Number of protein chains: 2
Amino acid sequence: MPSSTVENYLKRIYLEEQAAPGAAVVSMKNLAGVMGVTPGTATSMAKSLADSRFVAYEPYGGVKLTARGRTLALRILRRHRLIECFLVDALGLDWSEVHEEAESLEHAISDKLLDRIDEFLGFPSVDPHGDPIPNAKGAIRQAALTPLTEAEEGAEVRVARILDQDEDFLRFVDRHHLRPGTRARVLVNDRAAEALTIQTGKLPAVTMGRTAAAKIMVEGPRP
Amino acid sequence: MPSSTVENYLKRIYLEEQAAPGAAVVSMKNLAGVMGVTPGTATSMAKSLADSRFVAYEPYGGVKLTARGRTLALRILRRHRLIECFLVDALGLDWSEVHEEAESLEHAISDKLLDRIDEFLGFPSVDPHGDPIPNAKGAIRQAALTPLTEAEEGAEVRVARILDQDEDFLRFVDRHHLRPGTRARVLVNDRAAEALTIQTGKLPAVTMGRTAAAKIMVEGPRP
DNA sequence: ATACTCTTTTTGACTAATCAAAAACCACCT
DNA sequence: AGGTGGTTTTTGATTAGTCAAAAAGAGTAT
Ligand SMILES: [Mn+2]
Ligand SMILES: [Mn+2]
Ligand SMILES: [Mn+2]
Ligand SMILES: [Mn+2]
């Protein structure tokens, strides 16, 4: 049984691979950065993950999940996201605080309990942040979404996913009613000024910077 | 923050102290036995717990919780038992399988989530096995119970607590409807034969041995 | 191709938790 | 007091995960 450290590394490697679909591998610098360890630690962990055949590791090359590694990564991701759902839907925790909690529970829960939770929730397909939940076989269905920064002025969009788990950012999103599921209209998208103004229902419009807008993924207007 | 290993040792030491209220200390042999480690490991852990002031340790003497250690032990016990309640009451898991699950979740849950669960459950005072749940301040209210082996023949008793978390034993208890809360009549209590026969409602009577009966704690007839 | 910089790997060290086996100790019995 | 059995401690080793700092390598610019 892999330790929770191993589980965390694999989940992280998976997310980094997704975040940069261009790059074929995850570098030691990148890995050390996101895991909050020194580069030397990342290297020795890469070797040990390679020994367990969770990743392919090429010295000076970087690390890349094997099928085996991806399977495990997706299992942890499934746990993480189902737990987030459960905490929000069943216990009424705030979506801005469930990420940390899920970060530790994901390693402690049995498969049996997880299945029970999945059933209890009615087999949800996305978590409270709009992140897709892998199914029990590890299949993940990713809807085609575009970052808010790409939206045309005047377009009506539906918020689908928030790419940042940071509590403050989530509370900002919440305050302006831009949670997944909400419909909103893009009033201004000024690429030169790197600013975007959006409005939900009858609420006052809100203006945000380009980097903030890039973390909000939307479905565009019906084609 | 203490590791889950430390939490497990302290919880265990607390339970051993309770189990033998006569003995002032827990011996290394005892501790090693219940923790499933070698005596040498128990000794070195005893030293390290003493360094953290969780226990008083006297070489060749044994180990005894300090106030600080007891506080932590009770916090873990509270977590364990509230989690068991939650799994049974909210998710419908069987009481015979929640112990193992709680054994790992007790180390992974935040205080905030625990409070939410406590509230959700309506602040229960006992877990599904009848074990008392320490309150948030660490106070534990132990009802005065007697083992079934002490019951008089013909007495009507109320099952209050099952002292063994073993799955098979719990299923046996369940099969004969002897869960905490059930009222039953002691038909035979033959101390020489070390056998006891008990009946619940209209169900067929069941006969069990002395050691099994000793693990079922009851409230006697109204005085 | 040479030098410089940034990344990666190596080395040596440390902590927590564990075991096996040897040594020390305690308690009790003659 | 001396011996014996059981318990406890010590010793030496192992594994996982980590850091700091030195060494090696790779890529880029001149
Ligand atoms: Mn985690
Ligand atoms: Mn999420
Ligand atoms: Mn535990
Ligand atoms: Mn219990």
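The values are calculated or read from the model by the stated rules, or taken from the named source; none is laboratory data. If you're wondering where the values come from, they're calculated on a predicted model, not measured in any experiment. Here the Cβ is made from the backbone with ideal geometry for all residues, glycine too, and neighbour counts use every protein chain on show.
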TODO: Please find, among A:Lys47, A:Lys29, the residue that is touching a strand residue (DSSP E or B) at 6+ places or on another chain (Cβ under 7 Å), farther than 24 Å from A:Ala139 by Cβ, part of a helix (DSSP H, G or I) and charged (D, E, K, R).
DONE: A:Lys47
Open item on the list: Please determine whether any residue of the stretch B:132-148 is assigned by TED's automatic domain parsing to the domain that holds B:Ile83, within 25 Å of A:Ser104 (Cβ to Cβ) and crowded, with 16+ Cβ neighbours inside 10 Å.
Closed with: yes
Open item on the list: With the requirement that a residue be of a type in the set (Gly, Ala, Ser) and more than 22 Å from B:Ser125 (Cβ to Cβ), what does the stretch B:185-223 give you?
Closed with: B:Ala192, B:Ala193, B:Ala195, B:Gly201, B:Ala205, B:Gly209, B:Ala212, B:Ala213, B:Ala214
Task: Residue that is surrounded by the most Cβ atoms within 10 Å (Cβ to Cβ), among those in the stretch A:45-104 that are more than 14 Å from every other protein chain (Cβ to nearest Cβ) and hydroxyl-bearing (Ser, Thr, Tyr) - done: A:Tyr57
Open item on the list: touching a Ser or Thr at 6+ places or on another chain (Cβ under 6 Å) and either in contact (Cβ under 8 Å) with a residue 40 or more places away in the chain or closer than 17 Å to A:Lys11 by Cα (or both): is that true of A:Val126 in this structure?
Closed with: no
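Conditions tested, residue by residue: (1) among the basic types (Lys, Arg); (2) within 15 Å of ligand 4 (Cβ to nearest atom); (3) under 19 Å from B:Arg161 (Cβ atoms); (4) touching a Gly at 6+ places or on another chain (Cβ under 8 Å).
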{"position": "B:Leu87", "(1), (2), (3), (4)": "no, yes, yes, no"}
{"position": "B:Gly92", "(1), (2), (3), (4)": "no, no, no, no"}
{"position": "B:His99", "(1), (2), (3), (4)": "no, yes, yes, no"}
{"position": "B:Ala102", "(1), (2), (3), (4)": "no, yes, yes, no"}
{"position": "B:His107", "(1), (2), (3), (4)": "no, no, no, no"}
{"position": "B:Asp111", "(1), (2), (3), (4)": "no, no, no, no"}
{"position": "B:Arg116", "(1), (2), (3), (4)": "yes, no, no, yes"}
{"position": "B:Glu119", "(1), (2), (3), (4)": "no, no, no, no"}
{"position": "B:Val126", "(1), (2), (3), (4)": "no, yes, yes, no"}
Open item on the list: What's the total number of residues in the stretch B:105-124 that are away from chain A (no Cβ under 12 Å) and either closer than 14 Å to A:Ser104 by Cα or more than 20 Å from the chain's Cα centre (by Cα) (or both)?
Closed with: 1
- [ ] Could you tell me which numbered condition A:Gln142 fails, if it satisfies all but one of (1) touching a residue at least 12 places away in the same chain (Cβ under 8 Å); (2) in contact with a strand residue (DSSP E or B) (Cβ under 8 Å, 6 or more places away or on another chain); (3) within 30 Å of A:Ser3 (Cα to Cα); (4) not basic (Lys, Arg)?
- [x] (1)
Task: Filtered residues of the stretch A:70-95 (kept if within 27 Å of A:Pro21 (Cα to Cα), in contact with a helix residue (DSSP H, G or I) (Cβ under 9 Å, 6 or more places away or on another chain) and away from ligand 1 (no atom under 16 Å from the Cβ)) - done: A:Arg70, A:Cys85
Task: Where B:Ala151 falls short, out of the listed (1) within 30 Å of A:Glu100 (Cβ to Cβ); (2) more than 14 Å from every other protein chain (Cβ to nearest Cβ); (3) crowded, with 19+ Cβ neighbours inside 10 Å - done: (1)
TODO: Please give the number of the condition B:Ser110 fails out of (1) in contact with a Lys or Arg (Cβ under 7 Å, 6 or more places away or on another chain); (2) under 19 Å from A:Gly92 (Cβ atoms); (3) not charged (D, E, K, R).
DONE: (1)
- [ ] Could you check B:Thr5 against (1) within 16 Å of ligand 3 (Cβ to nearest atom); (2) crowded, with 17+ Cβ neighbours inside 10 Å and say which number it fails?
- [x] (2)
Task: Set B:Ala155, B:Ala160: member being at pLDDT below 95, in contact with a strand residue (DSSP E or B) (Cβ under 8 Å, 6 or more places away or on another chain) and either outside the structural domain of B:Leu93 (by TED's automatic domain parsing) or within 15 Å of B:Arg79 (Cβ to Cβ) (or both) - done: B:Ala155
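Here is a yes/no grid of residues against (1) closer than 30 Å to B:His80 by Cα; (2) basic (Lys, Arg):
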| residue | (1), (2) |
| --- | --- |
| B:Lys137 | yes, yes |
| B:Leu145 | yes, no |
| B:Asp168 | yes, no |
| B:Arg171 | yes, yes |
| B:His177 | yes, no |
| B:Arg183 | yes, yes |
| B:Ile198 | no, no |
| B:Leu203 | no, no |
TODO: Examine the stretch A:60-75 for a residue that is in contact with an Asp or Glu (Cβ under 6 Å, 6 or more places away or on another chain) and within 21 Å of A:Gln165 (Cβ to Cβ), and state whether such a residue exists.
DONE: no
Task: Count - residues of the stretch A:25-73 that are charged (D, E, K, R) and in contact (Cβ under 8 Å) with a residue 24 or more places away in the chain - done: 3
- [ ] For A:Ala19, state whether it is away from ligand 1 (no atom under 13 Å from the Cβ), aliphatic (A, V, I, L, M), surrounded by fewer than 15 Cβ atoms within 10 Å (Cβ to Cβ) and within 30 Å of A:Ile117 (Cα to Cα).
- [x] yes
